[in-house]
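*Asks:* Structure in C-alpha cells, see below.
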Amino acid sequence: EIRLVIPNSQRVNRGNYVIKDMVDACRANEVTDLIILHEHRGEPDGMVICHFPYGPTAYFSLHNVVLRHDIQDQGTVSEAYPHLIFNNFTTNLGRRVTSILKYLFPVPKED
C-alpha cells in the first residue's frame, strides 16, 4: 500500500535477497531511495528509508497501522502528488526527518 502513497515507486518482494545485495542492485540501477517495510504476523511494524548514494538512512517504528482494506467505503486513491506539511519541524532532528521524507516525493510542476 505504500506504493500508492509514493509516486513513481515500485514494489519488489525481498524474498531471500540479503539487504546488501538489494542496495548494490539499487545503486547499479540508479535508484534514489530504498524503502524496506518490516512486518510481524502480517502487521507492518517498521520502515527503513535509505537515500542513495550517500544517505541518510532512517528507521521508523510503525504503530496502530490501519491498512486500506480495513477501511469501510474507501474511494479510489488519488494520483495527485501529496501535499507535505512540515510545520514546527525546527529542531535538528525535525530538519533531518523533513529532508529524509521530502526527497521521496517529486517536486510538483508549476502551472
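Where a number appears in this text, it was derived from the coordinates with a stated rule and is not lab data. Since the structure is predicted, the reported quantities are computational estimates derived from the model, not experimental observations. Heads up, the Cβs are rebuilt from the backbone with ideal geometry, glycines too, and the neighbour counts pull from every protein chain shown.
*Asks:* Using just the helices of the chain, give the 222 nm mean residue ellipticity in deg cm²/dmol: DSSP H runs with n ≥ 4 each add -39,500 (n - 2.57), and the total is spread over all residues, rounded to 500.
*Replies:* Calculated at 222 nm, the ellipticity per residue is -6000 deg cm²/dmol.
*Asks:* Hey, another quick one. By how many nm would the segment from Leu93 to Val5 lengthen if fully extended, with 0.36 nm per residue of separation less the alpha-carbon distance?
*Replies:* So the chain would gain 29.3 nm between Leu93 and Val5.
*Asks:* Could I ask something else about it? Can you give the Kirkwood hydrodynamic radius of the chain from its Cα pairs, in Å with one decimal?
*Replies:* Numbers: mean 1/r = 0.0623 Å⁻¹.
This gives a value of 16.0 Å.
*Asks:* With the radius of gyration and the Kirkwood radius both derived from the Cα set of the range 1-44, what is their ratio Rg to Rh?
*Replies:* Across the range 1-44, the Cα-based Rg/Rh ratio is 0.97.
*Asks:* With each pseudo-label sitting 7 Å past Cα toward Cβ, what's the Glu39-His51 distance in nm, one decimal?
*Replies:* Result: 2.8 nm between the two label points.
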